[in-house]
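Asker: For reference, the structure I am asking about is given below.
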Amino acid sequence: MRLDTGEAVVDEVALEFPINIYVNEKHFVTVFATPHELKEMVVGHLLGHGVVDDVEHVGDVEIDGLDVLVNVNIDNGELEKRLERYKTFKHIMTSCGSVEDYLRAFDNNTKPRINSDFRIGVDKLRNVMAEFGRYSKRAVSVHTAGIYSDTEGQLVSLAMDVSRHVTVDKVIGKAALHRIDFTRCLLLTTGRQASDMVLKAARVGIPITVSLRGPIFSGVYAALKAGVTMASVVRGKGLTVYSYPERITGAVLRIATG
């Protein structure tokens with residue numbers, strides 16, 4: 001019911017369910033997500049967390065209700081090491097008692113590193129952001145993410161989900177399944193980019209991330225450590241770059257300092 005009019009209405013409500021992911025018949029993780037594009041979500045999650053290095057290492061993916069069963073084609077010993085690193089990283093993200101503990105644990109964990117000469121002009125970047133913004137405005141109660149390919153000259157992957165983290169999994173998975181060259185791509189999100197979102201981009205080779213919301217400390221710190229150019233739209237201040245601004249060319253930008 002609309003409070004201002006008393007009118008009874010039919011409204012859209014976002015769906016969220018626990019999705020259980022099994023890797024080689026063993027329970028891997030449960031994530032809360034909107035239950036669509038689950039294959040893409042799982043492929044992106046595995047790539048973004050470094051469980052697999054290439055989409056070719058992902059075998060059959062079977063969806064059974066809220067369970068997703070995936071076969072990974074890598075050596076069992078190596079797989080166990082990667083799963084252990086995944087658990088360690090998840091522990092860091094959820095269990096640190098202070099900023100100092102978080103930074104110490106983060107710095108001691110294995111991280112990707114981007115070394116890219118990819119550049120994009122600021123005018124083109126603004127056009128890409130405007131196109132992405134038009135798409136994301138259609139979303140109701142969910143976050144949106146997209147991947148723009150400079151090689152293709154267009155947004156090649158778009159996804160919506162109740163979780164901003166899962167939107168990144170989905171767009172990475174969709175682009176990977178279409179064999180997109182990540183090294184000449186941008187990751188765009190409507191949600192603030194936390195460290196795990198930035199590191200997912202870095203692990204697949206995406207050199208630039210852009211958020212339509214303001215920054216958060218963990219995301220900026222991860223971008224600085226991983227060599228990722230991170231930009232955000234800060235309300236009332238426009239586009240601001242927080243790391244490696246040299247990849248965005250053609251105009252004077254706000255560069256965060258301090």
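The values are calculated or read from the model by the stated rules, or taken from the named source; none is laboratory data. Remember, predicted model here, so these are calculated numbers, not experimental data. Counting neighbours? That spans all protein chains shown, and the Cβs are built from the backbone with ideal geometry, glycine included. Accessible surface areas use protein heavy atoms only, side chains included; no ligands, DNA or RNA. Shrake-Rupley method; radii C 1.70, N 1.55, O 1.52, S 1.80 Å.
Asker: For the list (1) farther than 23 Å from Gly48 by Cα; (2) polar (S, T, N, Q); (3) touching a residue at least 60 places away in the same chain (Cβ under 8 Å), I need the number of the one condition that Asn127 fails.
Answerer: Every listed condition holds for Asn127 apart from (3).
Condition check ((1) basic (Lys, Arg); (2) touching a helix residue (DSSP H, G or I) at 6+ places or on another chain (Cβ under 8 Å); (3) modelled with pLDDT under 90) across all residues:
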{"site": "Thr190", "(1), (2), (3)": "no, yes, no"}
{"site": "Ile208", "(1), (2), (3)": "no, yes, no"}
{"site": "Ala223", "(1), (2), (3)": "no, yes, no"}
{"site": "Gly236", "(1), (2), (3)": "no, no, yes"}
{"site": "Tyr244", "(1), (2), (3)": "no, yes, no"}
{"site": "Leu253", "(1), (2), (3)": "no, yes, yes"}
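Asker: Being open to solvent by less than 50 Å² (accessible area, probe 1.4 Å) and under 24 Å from Ala139 (Cα atoms) is the filter here; which residues of segment 1-17 pass it?
Answerer: Selection gives Ala14 alone.
Asker: With the condition kept exactly as written, say whether any residue in segment 151-166 is more than 12 Å from the chain's Cα centre (by Cα) and farther than 23 Å from Lys137 by Cα.
Answerer: Yes: segment 151-166 contains one or more residues that are more than 12 Å from the chain's Cα centre (by Cα) and farther than 23 Å from Lys137 by Cα.
Asker: Please return the ranges of helices (runs of 4 or more DSSP H) entirely within segment 1-110 where 1 or more residues are charged (D, E, K, R), more than 17 Å from Asp161 (Cα to Cα) and modelled with pLDDT of 90 or more.
Answerer: Result: 76-95.
Asker: Is it the case that Asp107 is farther than 19 Å from Lys174 by Cα and in contact with a helix residue (DSSP H, G or I) (Cβ under 8 Å, 6 or more places away or on another chain)?
Answerer: Against the criterion (farther than 19 Å from Lys174 by Cα and in contact with a helix residue (DSSP H, G or I) (Cβ under 8 Å, 6 or more places away or on another chain)), Asp107 qualifies.
Asker: In segment 51-79, what count of residues is obtained for those that are open to solvent by less than 20 Å² (accessible area, probe 1.4 Å) and of a type outside the set (A, V, I, L, M)?
Answerer: 0
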